[in-house]
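Report on the following structure.
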Amino acid sequence: MPERRTVALVTLGCARNEVDSEELAGRLAADGWELVENAEEADVAVVNTCGFVEAAKKDSVDALLEANDLKDHGRTQAVVAVGCMAERYGKELAEALPEADGVLGFDDYADISNRLQTILNGGSVEAHTPRDRRKLLPLSPVERQEAAAAVALPGHGDSAEAPVDAPADLPEGLAPASGPRAPLRRRLDASPVASVKLASGCDRRCSFCAIPSFRGSFVSRRPSDVLNETRWLAEQGVKEVMLVSENNTSYGKDLGDIRLLESLLPDLAAVDGIERVRVSYLQPAEMRPGLIDVLTSTDKVVPYFDLSFQHSAPDVLRAMRRFGDTDRFLELLETIRSKAPTAGARSNFIVGFPGETEADFAELERFITHARLDAIGVFGYSDEDGTEAATYEHKLDQEVVDERLAHLSRLAEELTAQRAEERIGETLEVLVETLDEEDGWIGRAAHQAPETDGQVFLTTADGTSPDLAPGRMVSAKVVGTEGVDLVAECLFEEAGR
């Protein structure tokens, strides 16, 4: 009998990282590793790091150090860093954090089992050497698909040279590789919600963002792979899929059809067992009428718009290498709501960008005040290694950045609470997700994405906790709010009880 090998995956950052962790889990399970939930129960703790902003990088380092502490009083023998921070800094991270027994980049994912086994056996694996991944693929998007076969793309599976058919004796619960680039995948929880990677990388050159340098150029997954993975997830009990990438509005441009998302969405919604399809990460400058129509009129595709505005003052947006202004953004939201009045809309914003004037900040306030967004994320600007904005002059004093961050955060909290109150009286379709000891059953409505946009506390007319189960869709009427969260009474006669 082979020796028992256990591994735990600790995931930080965005939903894209969650998909990558489940791909790593699939590869490891297929090679005989036993996946455990808690790092203290694992021989190897693999920390999937985030390398986007300073706060996320600090969280990643803290997670690695916390996992390292387990080596003194637990089963854990090794701690390995993977993910964006490991890819971005590689050897530099390994030198700065000797507590990590390995720092592996995306190129190591295909052979993750052997890498971990070497480390577990006391051997050493050379730390990843970072490189600009934008230079690994042709500049022209339509030339990338063939070249991408030789490039590691987390969430896309192996290269075209890899075997198409998965082994016949795969462990139960493992997604088979159903195409040349379809990944093995193993779910790491039993949630009725799962993310599906639509593409990797980004071709935009926002001056504040380093993601393209370590995630590479934009590469779409084949529609058949996305569809087959969604079918497999439905078989695992998933009711809602969320499509993720760095920029979903660009999907299909490297496959010769920039409108491919519009044709894929109805097919995904038709998958047996799927009740809700959600699209995240939309670029306002790339929104087109046909996509808005599909997102607002297709059954089971929720009218949800995660729009990356970042700012609304024209001069700041140009310095960010972005497009638009307050009035054009408001017109976009008005167009969406003319087709779907209760559509969900959220965005993130950066304050204190180099050169941001008081007038620019006031313009951003004007936009947020009139946009009626359901969820707002606000971040203070900080220099990111290797970005154009880091070289800009006219940096604002940190005190000014902090003041503007605090001010806009308070305004955002007030405005999103007001937006939630506007929904009192609405009837929502709520996906039931968890049972909390204090709050009872909790779910999400169509305008609420996982983790970021609030939730719905479910009750009954007499105030008791309803009899529900995770994965069930129920109709509920909003009767109150708690900040951005909603309180809703189940309408069991409409929900089929």
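The values are calculated or read from the model by the stated rules, or taken from the named source; none is laboratory data. This is a predicted model, so every value here is computed, not measured. Note that we place each Cβ from the backbone using ideal geometry, even for glycine, and neighbour counts take in every protein chain shown. Protein only, heavy atoms only, side chains kept; ligands, DNA and RNA dropped before computing areas. Shrake-Rupley method; radii C 1.70, N 1.55, O 1.52, S 1.80 Å.
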Tell me, which helices (runs of 4 or more DSSP H) lie completely within segment 22-105 with 1 or more residues that are at pLDDT below 85 and crowded, with 19+ Cβ neighbours inside 10 Å? 54-69
Picking from 360, 385, the residue that is modelled with pLDDT under 95 and out of contact with any Pro (no Cβ under 8 Å at 6 or more places or on another chain) would be 385
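Every residue in segment 419-455 that is of a type in the set (A, V, I, L, M) and open to solvent by 20 Å² or more (accessible area, probe 1.4 Å), please.
If we filter segment 419-455 for residues that are of a type in the set (A, V, I, L, M), which is where we start, we get 420, 424, 428, 430-432, 435, 442, 445-446, 449.
Correct list: 424, 435, 446.
Part of a helix (DSSP H, G or I) and open to solvent by less than 60 Å² (accessible area, probe 1.4 Å): which single residue out of 411, 458 fits that description? Break it down stepwise before answering.
Numbers: 458 fails: part of a helix (DSSP H, G or I).
Selected residue: 411, the only one of 411, 458 that is part of a helix (DSSP H, G or I) and open to solvent by less than 60 Å² (accessible area, probe 1.4 Å).
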Checking the structure you have, find out if any residue of segment 414-434 is assigned to a strand (DSSP E or B), of a type in the set (Ser, Thr, Tyr) and modelled with pLDDT of 95 or more. yes
In segment 332-354, anything of a type in the set (Gly, Ala, Ser), farther than 16 Å from residue 309 by Cα and surrounded by 15 or more Cβ atoms within 10 Å (Cβ to Cβ) is listed as 340, 343
So, residue 396, is that one at negative phi, open to solvent by less than 70 Å² (accessible area, probe 1.4 Å), outside any helix (DSSP H, G or I) and assigned by the TED database to the domain that holds residue 361 or not? yes
Residues in segment 1-21 that are open to solvent by less than 30 Å² (accessible area, probe 1.4 Å), part of a helix (DSSP H, G or I) and at pLDDT 90 or above total 3
Is it the case that some residue within segment 280-291 is open to solvent by 10 Å² or more (accessible area, probe 1.4 Å), in a loop (DSSP other than H, G, I, E, B) and over 24 Å from residue 368 (Cα atoms)? no
Going by the structure shown, is residue 21 in the same structural domain as residue 89 (by the TED database) and more than 21 Å from residue 449 (Cβ to Cβ)? no
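Does residue 443 count as at pLDDT 95 or above and part of a loop (DSSP other than H, G, I, E, B)?
Numbers: at pLDDT 95 or above: yes; part of a loop (DSSP other than H, G, I, E, B): no.
The answer is no for residue 443.
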Pairs, please: C-beta under 8 Å, at least 6 apart or cross-chain, first residue free of Cβ contacts under 8 Å to residues at least 60 places away in the same chain and in segment 288-300, second surrounded by 17 or more Cβ atoms within 10 Å (Cβ to Cβ) and of a type in the set (Lys, Arg)? 300/276
